[in-house]
Amino acid sequence: MPSHGPAPSDVVLRTVGLTKRYGRLLAVADLDLEVRRGQVYGFLGPNGSGKTTTIGMILGILRPNRGHVELFGLDARQHLAAVLRRTGAVMESPSFYPHLSGRANLRIFALLSGGVSRRRIDEVLDLVGLLGRAASKVRTYSMGMRQRLALAAALMHDPELVVLDEPTNGLDPAGMREVRQLIRNLGQMGKAVFVSSHLLHEVEQTCTDVGILKQGRLLAQQPVSELLQRGQALELEVTDAERAMAVLRGLDWVGELTRNDNRLLVQVPPERAVDISRVLAEHGIYLAELRPHHNTLEEFFLEVTGGEEPL
Amino acid sequence: MISLLASELLKVRGRWLPWILSVVLAALLALTIFGPYLSWRGSGTQSLEEFEQQSFVLPWSLAAILDTVHGVGAILLAVVAASFVGTEYGWGTVRSCLIRGQTRPRYLAAKLLGLAVVGLIFLAVAFALGLIFTLVTTRLAERPITLDVPAGPSPAEVPLMFLRTVYAVLPYVLLAFFLAEAFHSTAAAVGGSLIYTFVEGILLAVLGGIGGRAADMRLLFIGHHVNAVLELNRIGVGPIQAGFVLRPRPEAADLLDPAQATLALALYCLFFVGASLWLFQRRDVRS
């Protein structure tokens with residue numbers, strides 16, 4: 001379901017009818033999604049909705065019961081080694097060899113990935129702010145430091161697709177901000193980024209596209225910019241809210257109306273602001289404030305998931 | 001594959017387990033050689049000729065050293081194998097490795113190769129240490145350092161004796177490897193291997209004692225085939241078994257044909273490797 005007609009070669013990740021069952025539990029159901037080059041795709045869903053299971057199937061560590069994953073246009077199952085070399089990933093709760101240093105851990109993963117120099121290892125350690133602690137054993141690292149090390153491991157071989165499962169888990173606010181910036185930069189560099197998160201504002205600030213998963217089913221998938229512009233509205237503060245409601249209800253070009261004290265939320269295109277102001281003034285109702293209402297991802301999320309919180 | 005092997009060896013760096021187990025094996029080897037020597041020194045009554053065929057004087061001590069290297073080494077290397085595989089599941093690093101663009105067969109092959117390198121070094125160092133100990137006791141007993149005794153091994157046969165011992169260790173190590181892969185746990189693999197080793201020793205003795213069809217059932221056990229292979233190490237050694245061995249030593253008439261036993265051990269090894277790969281290929285790797 002591409003949202004803006006991509007060239008086929010732009011599609012880096014595609015899942016087709018991906019389904020995973022654990023006994024009688026349907027963890028992921030018939031999932032179709034696409035991620036393109038330069039896209040930062042936010043994968044949102046409540047806990048247990050199947051986000052990590054989906055990522056496991058994308059990375060080949062879980063076997064789907066039905067459907068398949070395509071990476072770089074190739075069937076991931078048949079060409080797993082080749083496509084994973086072009087992919088970097090941070091799994092949920094990143095794991096390392098605790099008795100080894102951060103640098104030694106990266107060297108192990110570099111040997112598995114192939115073609116990563118020691119200099120590049122130090123570069124990515126520097127990028128995630130761990131160069132100063134690179135010689136310390138991982139068992140002495142905090143959760144946030146492990147998360148940073150996992151990011152370094154994911155990026156060190158300069159992958160074309162970056163898959164991140166809750167990448168800001170355990171980070172302090174400054175670290176979260178840095179990681180968000182890093183994710184945005186990756187998208188700007190033309191890489192495809194697939195990031196699962198339970199933090200709505202994080203996805204809103206970071207991602208170009210969003211997919212919302214609930215009970216293993218993809219409920220919605222569209223560009224964040226379109227989603228935030230959907231159902232445009234104006235927020236008004238008026239001198240007489242009750243009369244204003246009555247007047248506005250009489251206009252056929254006004255959609256849904258919501259009142260909170262003297263404030264009204266009017267579902268109407270922003271270019272109708274002048275008309276609203278004029279009509280109300282004609283009825284002796286004056287505006288104290290009028291501004292466009294910005295939809296949030298949270299509103300959209302609650303709408304499509306039926307009010308379930310992401311956490 | 002070389003870079004994969006390098007990654008496996010890098011993982012071992014800084015781990016205490018192989019070092020601790022090396023110390024245990026070294027201590028037991030010291031006991032194997034110096035124990036009988038001190039006993040002989042303390043007895044003051046028995047002639048060295050009565051003692052020398054037991055353990056501490058070259059070349060007879062070679063069999064005792066290799067018995068210990070096998071008996072103890074198999075258990076300790078099973079612990080190492082279980083830890084090699086099990087801790088990766090415990091730490092969750094299997095996932096981290098598999099998402100780096102390696103196929104599962106290659107990953108498993110690298111693990112087996114890494115284990116082979118560590119195991120070979122472990123057993124070779126143990127054997128060398130045993131040789132050093134017996135050189136000391138042979139000299140202390142004022143006996144000639146020589147292999148040249150009636151029915152003694154030739155110098156070329158000594159490395160062959162060591163390789164035979166290594167080969168006989170393999171099935172136990174691969175059993176532990178398979179159990180760790182099956183249960184995704186170090187503890188289960190170590191426990192399973194130890195239980196098998198001890199129960200096998202008891203059952204071989206019991207079934208051998210019963211005789212008849214019950215004795216034939218010993219063919220199902222690794223240890224029965226190992227006995228036949230290791231018996232070839234007894235060139236020039238008398239009937240007494242002096243090393244740390246958990247299996248009863250069978251009567252000569254009870255021994256299998258060494259070639260047949262060698263093949264049977266190879267089949268055990270193939271089964272454990274094949275079953276490990278089959279399980280690893282078809283199962284999900286969860287956190």
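The values are calculated or read from the model by the stated rules, or taken from the named source; none is laboratory data. Predicted, not measured: the structure shown is a model, and the values here were computed from it. Note that each Cβ is placed from the backbone with ideal geometry, even for glycine, and that neighbours are counted across all protein chains shown. We work out accessible area using only protein heavy atoms, side chains counted, and drop any ligands, DNA or RNA first. Shrake-Rupley method; radii C 1.70, N 1.55, O 1.52, S 1.80 Å.
What the table shows:
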{"read-out": "Segment A:165-214, residues that are within 9 Å of the chain's Cα centre (by Cα) and of a type in the set (G, A, S)", "value": "A:S196, A:S197, A:G211"}
{"read-out": "Criterion (of a type in the set (D, E, K, R), in the same structural domain as A:H198 (by TED's automatic domain parsing) and part of a helix (DSSP H, G or I)) met by exactly one of A:R177, A:R146", "value": "A:R177"}
{"read-out": "Verdict on A:N185 being open to solvent by 10 Å² or more (accessible area, probe 1.4 Å), part of a helix (DSSP H, G or I), among the polar types (S, T, N, Q) and under 27 Å from A:R85 (Cβ atoms)", "value": "yes"}
{"read-out": "Residue selected from segment A:121-143 under the condition of a type in the set (D, E, K, R) and open to solvent by 70 Å² or more (accessible area, probe 1.4 Å), by the criterion farthest from the other protein chains (Cβ to nearest Cβ)", "value": "A:D126"}
{"read-out": "Cβ pairs under 6 Å, 6+ apart, first in segment B:265-282 and more than 14 Å from every other protein chain (Cβ to nearest Cβ), second open to solvent by 50 Å² or more (accessible area, probe 1.4 Å) and in a helix (DSSP H, G or I)", "value": "B:C269/B:L170"}
{"read-out": "Single condition A:E166 does not satisfy, out of (1) open to solvent by 60 Å² or more (accessible area, probe 1.4 Å); (2) modelled with pLDDT under 90; (3) of a type in the set (D, E, K, R)", "value": "(1)"}
{"read-out": "Residue in segment B:14-22 that is more than 13 Å from every other protein chain (Cβ to nearest Cβ), among the small types (G, A, S) and assigned to a helix (DSSP H, G or I) present", "value": "yes"}
{"read-out": "Failed item in (1) open to solvent by less than 60 Å² (accessible area, probe 1.4 Å); (2) within 17 Å of A:F43 (Cβ to Cβ); (3) not in a helix (DSSP H, G or I), with A:L171 passing the rest", "value": "(2)"}
{"read-out": "Count of residues meeting criterion [touching a residue at least 40 places away in the same chain (Cβ under 8 Å) and open to solvent by less than 70 Å² (accessible area, probe 1.4 Å)] in segment A:285-305", "value": "13"}
{"read-out": "Segment A:152-168, residues that are within 24 Å of A:R107 (Cβ to Cβ) and either in a loop (DSSP other than H, G, I, E, B) or β-branched (V, I, T) (or both)", "value": "A:M156, A:H157, A:D158, A:P159, A:E160, A:V162, A:V163, A:P167"}
{"read-out": "B:T134, sole failed condition from (1) of a type in the set (S, T, Y); (2) surrounded by fewer than 18 Cβ atoms within 10 Å (Cβ to Cβ); (3) part of a helix (DSSP H, G or I)", "value": "(2)"}
{"read-out": "Out of B:L123, B:L66, sole residue that is touching a Gly at 6+ places or on another chain (Cβ under 6 Å) and either closer than 30 Å to B:I145 by Cα or crowded, with 23+ Cβ neighbours inside 10 Å (or both)", "value": "B:L123"}
{"read-out": "Flag for A:P223 being assigned by TED's automatic domain parsing to the domain that holds A:V28 and open to solvent by less than 50 Å² (accessible area, probe 1.4 Å)", "value": "yes"}
{"read-out": "Among the candidates B:T87, B:T103, residue that is under 20 Å from B:F178 (Cβ atoms), free of Cβ contacts under 8 Å to residues at least 40 places away in the same chain and either in contact with a strand residue (DSSP E or B) (Cβ under 6 Å, 6 or more places away or on another chain) or within 14 Å of chain A (Cβ to nearest Cβ) (or both)", "value": "B:T103"}
{"read-out": "Meets criteria (of a type outside the set (D, E), modelled with pLDDT of 90 or more, more than 20 Å from B:V169 (Cβ to Cβ) and open to solvent by 20 Å² or more (accessible area, probe 1.4 Å)) for B:L279", "value": "yes"}
{"read-out": "Residue check for A:R278: farther than 30 Å from A:Q188 by Cβ, assigned to a helix (DSSP H, G or I), touching a residue at least 40 places away in the same chain (Cβ under 8 Å) and open to solvent by 50 Å² or more (accessible area, probe 1.4 Å)", "value": "no"}
{"read-out": "A:V247 being in a strand (DSSP E or B), of a type in the set (V, I, T), at pLDDT 85 or above and over 30 Å from A:G45 (Cβ atoms)", "value": "no"}
